[in-house]
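**Student:** Before we start, here is the structure in question, set down as structure tokens.
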Amino acid sequence: MTSVLSRTDVASAAVSVAPTVVSVRDVTKTFGHNGGSVTALDRVSLDIAEREFVCLVGASGCGKSTLLSIIAGLERPSSGSVAVRGGRAALMFQEPALLPWLTVESNIELPMRLQHVAPKQRRARVAELIDLVRLGQFAQSRPHELSGGMRQRVALARALAQEATVLLMDEPFAALDAITRDVLHDELTRIWYEREITVVFVTHNVREAVRLGDRVVLLSARPGRVVSDQQVDITRPRAIETPAVGALSLEITEQLRGQIRLHGHQ
Amino acid sequence: MAISERDLAALEAGLDALEQPAAPPRSRARRVAAVSVPPVLALAVLLSIWQMLVTLHVKAPELLPAPIDVARTFSDQWRAGHVTEVIWNSLHRAAIGYAMAMVLGTLTGLAVSRFRSLRLAIGPLLSGLQSLPSVAWVPFALLWFGLSDGAIYFVVVMGAFPSISNGLVAGIDQIPPLLLRVGDAMGAKGLARYRHIVLPGALPGYLAGLKQAWSFSWRSLMAAELIAQSPDLGLGLGQLLHNGQDLLDMSLVLTAIGLILVVGIAVDVLVFAPLDRAVRRRRGLITS
């Protein structure tokens, strides 16, 4: 098994030829009625290739979560279109949102039950996913018995159980302590590489975006528009402390601050 | 700072271990003692106050029999086989009425929580019915069903079903919106959504309703049995109470009250309390 932690960067080379998995075309989303309406997203277009890891960054109110909900099919755009190949996207939230009455195992199994996967197949996949997130010992535990980081790993396994074409993550590590978050960054990178999945990762933490992503897309706030879209050409493994990660983060943070300043002058 | 995959696994295992609580468990014997001693003490205090009032002749002995007299009446009734008979008659009436209330209450609860217009229309009525003393239904039931078990079941159902219905509605209302959202994100729809997300999510509220409904159905049954007197109806606890009144036998009255109380407490302690505890412990709502 090749480890992502010791491989050289191949993803960005693969991206240019990989087929598009998510295609967002001129998506606009307004809330409320004519008088007091707010435009959350303004003609956002975005293509995400197979196996790509894309991070969406922006200040509060830039509509990044709204964009994820629209890609997930939980909300409809006011205009524009979204196409997800295979039609299915799995969604992870800032809170693990595990069902408290189910064991770790049953939580991971639930999306497969909802999709009418045969019991034998379900069991095999649950076992595999529990191993993947390294929670073998805790298969029979209840969510309340786990730490925040462990719960988020269960939520990740549950999202992977949906066998969706793309994994959408809405600030999944924002509520965790720094040590746990750092370990989960490595874990997510490993799982993304091993499982060959496509990830759209929303965060307001620029360093996190640069550490994880193949691409960092910066959104402006109110209305949300794509301000910049940059390839991250930094070889993996990366760490928060990697100098190149720091340098690029600084650059993107400066752009982000510029966007935020615009609001102060209005 | 590159770390190997094995290092990462070890690091994560270490973090997980640190997050596990390290509290020593309390012994079972101690826990049993902790919950059983206070009520036993309270009962002893109550009995001594009662005996004291008797010794002080606060009331005539016909009106205030001593604990020992009541105990004697109880043992006479027991030996005559009356105790098990009346408890059985009442309990099985209560169980049948309760089961009917469960069906009716669950269906109305589901309908009210599902359809907004229905909630606006009959929601206040259900809350009102909950506070209506069910004894008010006895004349209605007797006129409709005559002196029959049907009349008794009717009173029990009217007393109990609003609690079940309201409990279920409250349970569904209190499901965290995020859980419903995650269900939608996983593609839970229609019946599967109810089966896997809504109903289990509503269980604590539903159980609270069921528990309250039990005490309401037990009360309603006593009211109905106390009023509906007929040789055709088997002798229940309410009728035993009535007999005590007719015979001016205060010991019998107190025996009947004691039995009603004991059965009510027993069902709560043996059925509802363990259920409630099990559900809450599974969800991490209680730690002990």
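**Student:** Return the residues of the range A:69-112 that are more than 10 Å from chain B (Cβ to nearest Cβ) and either farther than 21 Å from A:L156 by Cβ or aromatic (F, W, Y) (or both); say none if nothing qualifies.
**Tutor:** Selection gives A:I70, A:E75, A:R76, A:P77, A:S78, A:S79, A:G80, A:S81, A:V82, A:A83, A:R85, A:G87.
**Student:** Given the structure, is B:D268 modelled with pLDDT under 90 and either of a type outside the set (G, A, S) or more than 20 Å from the chain's Cα centre (by Cα) (or both)?
**Tutor:** Judged against the criteria, B:D268 is not a match.
**Student:** Restricting attention to the range A:191-206, which residues are surrounded by fewer than 19 Cβ atoms within 10 Å (Cβ to Cβ) and assigned to a helix (DSSP H, G or I)?
**Tutor:** Answer for the range A:191-206, where residues must be surrounded by fewer than 19 Cβ atoms within 10 Å (Cβ to Cβ) and assigned to a helix (DSSP H, G or I): A:E194, A:R195.
**Student:** When residues of the range A:134-160 are filtered for being assigned to a helix (DSSP H, G or I) and more than 9 Å from every other protein chain (Cβ to nearest Cβ), how many remain?
**Tutor:** 7
**Student:** Continuing with the same structure: Please pick out the residue among B:P21, B:P61 that is without any contact (Cβ under 8 Å) to a residue 12 or more places away in the chain and more than 14 Å from chain A (Cβ to nearest Cβ).
**Tutor:** The conditions single out B:P61.
**Student:** Within the range A:38-66, track down each residue that is of a type outside the set (D, E), within 20 Å of A:Q231 (Cα to Cα) and crowded, with 19+ Cβ neighbours inside 10 Å.
**Tutor:** A:V44, A:L46, A:I48, A:A49, A:R51, A:F53, A:V54, A:C55, A:L56, A:V57, A:G58, A:K64 - these are the residues of the range A:38-66 that are of a type outside the set (D, E), within 20 Å of A:Q231 (Cα to Cα) and crowded, with 19+ Cβ neighbours inside 10 Å.
Quick grid of which residues meet (1) assigned to a helix (DSSP H, G or I); (2) in contact (Cβ under 8 Å) with a residue 12 or more places away in the chain; (3) within 14 Å of chain A (Cβ to nearest Cβ):
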| site | (1), (2), (3) |
| --- | --- |
| B:L241 | yes, yes, no |
| B:Q245 | yes, no, no |
| B:L248 | no, yes, no |
| B:V253 | yes, yes, no |
| B:V263 | yes, yes, no |
| B:F272 | yes, yes, no |
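**Student:** Report, by residue number, each residue of the range B:152-189 that is over 30 Å from B:D232 (Cα atoms) and among the small types (G, A, S).
**Tutor:** Scanning the range B:152-189 gives B:S163, B:S165, B:G167, B:A170, B:G171, B:G183, B:A185, B:G187, B:A188.
**Student:** Moving to a separate point now. Go through the range B:19-59 and count every residue that is more than 27 Å from the chain's Cα centre (by Cα) and at pLDDT 85 or above.
**Tutor:** 12
**Student:** Let me spell it out: the conditions are (1) of a type outside the set (A, V, I, L, M, F, W, C); (2) in contact with a Gly (Cβ under 8 Å, 6 or more places away or on another chain); (3) modelled with pLDDT under 95; (4) closer than 24 Å to A:G73 by Cα, and B:H196 meets all of them except one. Which number is the exception?
**Tutor:** (3)
**Student:** List, please: which pairs have Cβ atoms under 7 Å, are six or more places apart or on different chains, and start with a residue in the range A:126-146 that is closer than 14 Å to B:D16 by Cα and end with one that is among the acidic types (D, E) and modelled with pLDDT under 95?
**Tutor:** Close Cβ pairs satisfying both conditions: A:R134/B:E12.
The values are calculated or read from the model by the stated rules, or taken from the named source; none is laboratory data. As the structure is a computational prediction, the values presented were derived from the model and not from experiment. Every residue, glycine as well, gets a Cβ built from its backbone with ideal geometry; the counts of neighbours run over all protein chains shown.
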